[in-house]
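**Student:** I have a structure I would like to understand better, so I am pasting it below and will then ask my questions one at a time.
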Amino acid sequence: MSSIVEKIRSWARKQSDLEYIAKQGGFFAGDTGVSVDDARRMVNGRSDTRERMLDMAGRFGVAAQQIDADRGMASEISLACAECGNERTCRKVLSGHADTDPHVFCPNAARYDEMVEGSH
């Protein structure tokens, strides 16, 4: 469990990141290929999103390189994971404490399936 100091530091980092994004405006989108709105959504997402996203993708047979090869797709997958309402189920499945089929709860399951089919 996070201490209050860690939570405050995390909040401060998020605020700093959001301020940076706001100051960059259109330059941010041009440099990163991510819209300012999507960048804000990513910053406000859970801190372990990428780790969980890649862990789940790996269960489908999708490597990080496949996701990262297309910035737009990587952004969509990341945002779907960051804003997913099934985090608790996801954590249980990834930790081995539940055997729920990810197709039931993961917003990226169909995309991961498509990526596996496309790589063959």
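**Student:** Can you tell me how many residues within region 41-54 are surrounded by fewer than 15 Cβ atoms within 10 Å (Cβ to Cβ) and in contact (Cβ under 8 Å) with a residue 24 or more places away in the chain?
**Tutor:** 3
**Student:** If you don't mind, another one. Answer yes if at least one residue in region 78-89 is surrounded by 13 or more Cβ atoms within 10 Å (Cβ to Cβ) and more than 23 Å from Ala39 (Cα to Cα), and no otherwise.
**Tutor:** yes
**Student:** Please go through region 64-77 and pick out each residue that is surrounded by 14 or more Cβ atoms within 10 Å (Cβ to Cβ) and within 16 Å of Asp113 (Cα to Cα).
**Tutor:** Those that are surrounded by 14 or more Cβ atoms within 10 Å (Cβ to Cβ) and within 16 Å of Asp113 (Cα to Cα): Gln66, Ile67, Met73, Ala74, Glu76, Ile77.
**Student:** Give the residues of region 60-75 that are free of Cβ contacts under 8 Å to residues at least 24 places away in the same chain and within 15 Å of Arg41 (Cβ to Cβ), sorted by residue number.
**Tutor:** Answer for region 60-75, where residues must be free of Cβ contacts under 8 Å to residues at least 24 places away in the same chain and within 15 Å of Arg41 (Cβ to Cβ): just Ala74.
**Student:** Let me confirm something: among Asp37, Asp31, Asp17, which residue is charged (D, E, K, R), at pLDDT below 75 and outside the structural domain of Val104 (by TED's automatic domain parsing)?
**Tutor:** Asp31
**Student:** Quickly run through region 90-120 and pick out the residues that are surrounded by fewer than 15 Cβ atoms within 10 Å (Cβ to Cβ), in contact (Cβ under 8 Å) with a residue 40 or more places away in the chain and outside any helix (DSSP H, G or I).
**Tutor:** Across region 90-120, the qualifying residue is only Ser119.
**Student:** Considering every residue within region 77-84, establish whether at least one is modelled with pLDDT of 90 or more, closer than 26 Å to Ile21 by Cα, touching a Phe, Trp or Tyr at 6+ places or on another chain (Cβ under 9 Å) and assigned to a helix (DSSP H, G or I).
**Tutor:** Yes, that holds for at least one residue.
The values are calculated or read from the model by the stated rules, or taken from the named source; none is laboratory data. Bear in mind that the values here come from a model prediction, so they are computed numbers and not experimental data. Methodologically, a virtual Cβ is constructed for each residue, glycine included, from the backbone with ideal geometry; neighbour enumeration extends over all protein chains shown.
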